[in-house]
1. Looking at Val198, Val192, which one is more than 23 Å from Gly84 (Cβ to Cβ) and β-branched (Val, Ile, Thr)?
2. Can you name the condition, by its number, that Gly84 falls short on among (1) modelled with pLDDT under 95; (2) under 18 Å from Trp165 (Cα atoms); (3) assigned to a strand (DSSP E or B); (4) not hydrophobic (A, V, I, L, M, F, W, C)?
3. In region 182-203, how many are surrounded by fewer than 21 Cβ atoms within 10 Å (Cβ to Cβ) and of a type in the set (Gly, Ala, Ser)?
4. Would you kindly identify the strands (runs of 3 or more DSSP E) lying entirely within region 138-212 that contain at least 2 residues that are among the basic types (Lys, Arg)?
5. Criterion first (out of contact with any helix residue (DSSP H, G or I) (no Cβ under 9 Å at 6 or more places or on another chain) and either of a type outside the set (Gly, Ala, Ser) or part of a strand (DSSP E or B) (or both)) does Thr103 satisfy it?
6. From the list Trp69, Trp34, exactly one residue is under 15 Å from Ser204 (Cβ atoms) and either among the polar types (S, T, N, Q) or out of contact with any helix residue (DSSP H, G or I) (no Cβ under 9 Å at 6 or more places or on another chain) (or both). Which is it?
7. Determine which single condition Val24 fails, assuming it passes every other condition in (1) modelled with pLDDT under 95; (2) in a strand (DSSP E or B).
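The values are calculated or read from the model by the stated rules, or taken from the named source; none is laboratory data. Every value quoted in this text rests on a predicted model; they were computed, and no experiment measured them. Backbone-built Cβ (ideal geometry, glycine too); neighbour counts: all protein chains shown.
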Amino acid sequence: MRRLQILMGAALVVAVLAPQSRAVVRRTPPPLLWQRTAVSGYLGKGLPVGEFADERPGFGNEKDGAIDWAVEIEHFVGHTASLGFSYANTEYQDKTLGDSLKTKVQTASGFIRVVVPTATAIRPYLRFGMGGVQVEFLDPVSRDKSEWEFSIQAGGGLLWLPSRWLGLSAQALYYHGNTDNSVVSATPDQTVVVGFNVEYWAFSGGVSLFFP
């Protein structure tokens, strides 16, 4: 009996002094982009090309360096792909008349963006969109708007995610608007149309806020 008591006491001491086992819990970090919504703003410069920059009579004759801005909202429907909506606005000055004649271009587009996964916080992406474009001619006494026409945008950039909720971007987008022969005004005696397609590159930087 004495021996049994000694053995039971020893077993109790060993049980108390033995290290307690702890369950190992591994938590997978939530997807960085999937099922998240981003609101973005972009600001940059525009470079007219093609008919939009052509100096021949009846064409755009637009200067380089217009201020281009855009606001966007997108939702990542896949781990690296999003669907979104973009509104962009820019005003170009005439090469000959300067700010006495400006051409305002506004576009409203749906787009898809595909982000390329990398092992770093900086990720390249490609994007493509389509929607509508409107041209407005501005001078000191008048504002003449064209009809809305079909437009596309395409390009890419780099997305840097310094934190889960903040993104910084640098991108280049090509815009093309099918505005040639778009009606600006019409009377029984005369129809005024846009004589060129809108074509330009927008080089911009952006800030994105991600939710949730």
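1. Details: Val198 fails: more than 23 Å from Gly84 (Cβ to Cβ).
After applying the criteria, what remains is Val192.
2. (1)
3. Qualifying residue count, region 182-203: 3.
4. Numbers: elements: 142-145, 149-160, 166-177, 183-186, 191-193, 198-211.
Counting at least 2 such residues, we get 142-145.
5. Details: out of contact with any helix residue (DSSP H, G or I) (no Cβ under 9 Å at 6 or more places or on another chain): no; either of a type outside the set (Gly, Ala, Ser) or part of a strand (DSSP E or B) (or both): yes.
No: the conditions fail for Thr103.
6. Numbers: Trp34 fails: under 15 Å from Ser204 (Cβ atoms).
Matching residue, one of Trp69, Trp34: Trp69.
7. (2)
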